[in-house]
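For reference, the structure is listed below as structure tokens.
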Amino acid sequence: MDTGFDAGSDVLSRSGDPLAGTGFRMLADLVADGDVVVLSGAGLSTESGIPDYRGKTGRRRRAEPMTYQTFVGSAEARRRYWARSHLGWRHIDRTLPNAGHRAVAALQARGLVSGIITQNVDGLHQAAGARQVVELHGSLHRVRCLACGRRTPRHELDRRLRAANPDWRAPTDEVNPDGDAALTDEWIDSFRVVDCRSCGGVLKPDVVFFGENVPRPRVQRCYELTENAGTLLVLGSSLTVASGYRFVRRAAEHAIPVAIVNQGPTRGDAHALLTLDAPLGPALTALLAALDRSR
Ligand SMILES: NC(=O)c1ccc[n+]([C@@H]2O[C@H](COP(=O)([O-])OP(=O)(O)OC[C@H]3O[C@@H](n4cnc5c(N)ncnc54)[C@H](O)[C@@H]3O)[C@@H](O)[C@H]2O)c1
Ligand SMILES: [Zn+2]
């Protein structure tokens, strides 16, 4: 893996410490100009202990993610999902924001950030104090009824699932990015799923599954944020998923500078004015310190 920075061209030389080079100073200058729109991904939460999909901690190869069609089409698939998620969500729920999330919230509090779009479903931006976060792919902390549309807190469902499964104590040591845990069929078969309290409809986590579209108004809001940005700052996303990548393309089309801080290459690198290959906690903490020094 690349350890130096790569400024999207060969104008800038490589440096051993990505936080001491020209790329880092360019990043600090862009952010100091304000109107930064953050587009964050799973890489921002790995330092909190939530694995990403495609980075070093990625678990992509181990389990196929649930698709919308499978979830909606099969009661058995839903039982499997909820049983595994009953364990996995508790792990996500205990997770704390890290220095990267805190730095983003601090940049927003300083008035430098005009929008935060996250592909993450873990709620850690908000837990760190960020406001008006657009959760592109929804949140694991909410549940939605597919029949009546009512949204309820996941904590409430957790209480109901515990009550419906008093003696269910399945062991697991592996948790997937989406709050899914590995479980044997035996444990899954004995799990009891509950339905919507208002209408008896099917409950689904309020996240966008593979095979499902992000609601149009939400996408539109992200395009607007992007088009009005001074800089689009990508944090911890491989941009493999088209859902996030489209905003990088839109920024590039509008000649809005794109800066990417990510360990490893991303699909958006060709559109970026600068890319910085560095761990996000230290990088964003250093960025905040550099900005505070120059104020
Ligand atoms: N925390 C979460 O909510 C979570 C976790 C995993 C996946 N997801 C979902 O899965 C999809 C994954 O796409 P994605 O692009 O967000 O993630 P991804 O896994 O495709 O890419 C993450 C990138 O971050 C880099 N990275 C990991 N740790 C880093 C660190 N500490 N500092 C800097 N870079 C780091 C990795 O090398 C990788 O390139 C998204 O749609 C998202 O909704 C969410
Ligand atoms: Zn309902």
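Cβ-Cβ distance below 8 Å, separation of 6 or more or different chains: which pairs start in the stretch 273-284 with a residue that is within 10 Å of GLN263 (Cα to Cα) and end on one that is more than 9 Å from ligand 1 (Cβ to nearest atom) and of a type in the set (S, T, N, Q)?
ASP277/THR3
What single numbered condition from (1) within 16 Å of ligand 1 (Cβ to nearest atom); (2) at pLDDT 95 or above; (3) surrounded by fewer than 16 Cβ atoms within 10 Å (Cβ to Cβ) fails to hold for GLY211?
The one condition GLY211 does not meet is (2).
For (1) in contact with a strand residue (DSSP E or B) (Cβ under 7 Å, 6 or more places away or on another chain); (2) more than 23 Å from SER243 (Cα to Cα); (3) within 16 Å of ligand 2 (Cβ to nearest atom); (4) not charged (D, E, K, R), each residue gets a yes or a no:
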position	(1), (2), (3), (4)
TRP89	yes, yes, no, yes
LEU96	no, yes, no, yes
GLY111	no, yes, no, yes
LEU124	no, no, no, yes
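Is there a residue in the stretch 46-53 that is modelled with pLDDT under 70 and out of contact with any Phe, Trp or Tyr (no Cβ under 9 Å at 6 or more places or on another chain)? Before the answer, list the steps.
Initially, the stretch 46-53 is screened for residues modelled with pLDDT under 70, giving none.
Within the stretch 46-53, not a single residue is modelled with pLDDT under 70 and out of contact with any Phe, Trp or Tyr (no Cβ under 9 Å at 6 or more places or on another chain).
Taking only pairs six or more apart or across chains, which ones have beta-carbon atoms under 8 Å, a first residue in the stretch 177-199 that is at pLDDT 75 or above and more than 16 Å from ligand 2 (Cβ to nearest atom), and a second residue that is hydroxyl-bearing (Ser, Thr, Tyr) and assigned to a loop (DSSP other than H, G, I, E, B)?
Listed by first residue and then by second, the contacts come to LEU183/THR172.
Regarding ALA255, is this residue of a type in the set (A, V, I, L, M, F, W, C) and at pLDDT 95 or above? Walk me through it before giving the result.
Working: of a type in the set (A, V, I, L, M, F, W, C): yes; at pLDDT 95 or above: yes.
Considered against the rule, which asks whether it is of a type in the set (A, V, I, L, M, F, W, C) and at pLDDT 95 or above, ALA255 comes out as yes.
Can we say ILE116 is modelled with pLDDT under 95 and of a type in the set (Val, Ile, Thr)? Walk me through it before giving the result.
Numbers: modelled with pLDDT under 95: no; of a type in the set (Val, Ile, Thr): yes.
Spelling it out, it is not the case that ILE116 is modelled with pLDDT under 95 and of a type in the set (Val, Ile, Thr).
Could you pull out the residue among ALA242, ALA255 that is hydrophobic (A, V, I, L, M, F, W, C), within 21 Å of ARG54 (Cβ to Cβ) and without any contact (Cβ under 8 Å) to a residue 12 or more places away in the chain? Before the answer, list the steps.
Details: ALA255 fails: within 21 Å of ARG54 (Cβ to Cβ).
Step by step, each of ALA242, ALA255 is checked, and only ALA242 is hydrophobic (A, V, I, L, M, F, W, C), within 21 Å of ARG54 (Cβ to Cβ) and without any contact (Cβ under 8 Å) to a residue 12 or more places away in the chain.
Could you list, ordered by first residue, the pairs with Cβ atoms under 8 Å in which the first is in the stretch 146-160 and over 13 Å from VAL194 (Cα atoms) and the second is near ligand 2 (Cβ under 10 Å from one of its atoms) and of a type in the set (S, T, N, Q), at least 6 apart or interchain?
These pairs meet every condition: CYS148/SER198; ARG150/SER198.
The values are calculated or read from the model by the stated rules, or taken from the named source; none is laboratory data. Quantities reported herein were computed from a predicted structural model and do not represent experimental measurements. Virtual Cβ from ideal backbone geometry, glycine too; neighbours counted across all protein chains shown.
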